[in-house]
Amino acid sequence: MNDLETITAQALSLSIEDREQLIEDLLASFSPEAREGMDVAWIREVESRLEAYDRGEMSASTLEDFRRRLGNA
């Protein structure tokens, strides 16, 4: 197992809250330009998903349901 695989396995063993914090910390490590690019891409994705939801092509779930599924993954 290489370093990345070890770190990934350790990260996946964290609580949902700790994984969320880890993601926030990792995102904060990117340059402002890179974060802006990610923000733009995410806004496009959110708009696309909202349009699909409005057309009835996609359903929604609560954050609690998402966390519950994530915890069981």
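Among the residues of region 19-50, count how many are closer than 22 Å to Arg68 by Cα and not assigned by TED's automatic domain parsing to the domain that holds Ala9.
We begin by selecting, within region 19-50, every residue closer than 22 Å to Arg68 by Cα; these are 19-24, 46, 49.
Keeping just the survivors that are not assigned by TED's automatic domain parsing to the domain that holds Ala9 gives 46, 49.
Count: 2.
Residue-wise test of (1) small (Gly, Ala, Ser); (2) surrounded by 10 or more Cβ atoms within 10 Å (Cβ to Cβ); (3) touching a helix residue (DSSP H, G or I) at 6+ places or on another chain (Cβ under 6 Å).
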site	(1), (2), (3)
Ala9	yes, yes, no
Leu12	no, no, no
Ile16	no, yes, yes
Glu20	no, yes, no
Asp25	no, no, no
Pro32	no, no, no
Ser48	yes, yes, no
Gly56	yes, no, no
I'm told Ala52 meets every condition in (1) at pLDDT 95 or above; (2) small (Gly, Ala, Ser); (3) exposed (fewer than 11 other Cβ atoms within 10 Å of the Cβ); (4) in a helix (DSSP H, G or I) except one. Can you identify the failing condition by its number? (3)
Among (1) at pLDDT 95 or above; (2) surrounded by 10 or more Cβ atoms within 10 Å (Cβ to Cβ), which single condition is Asp3 missing? (2)
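The values are calculated or read from the model by the stated rules, or taken from the named source; none is laboratory data. All of these numbers come straight from a predicted model, not from anything done at the bench. Virtual Cβ from ideal backbone geometry, glycine too; neighbours counted across all protein chains shown.
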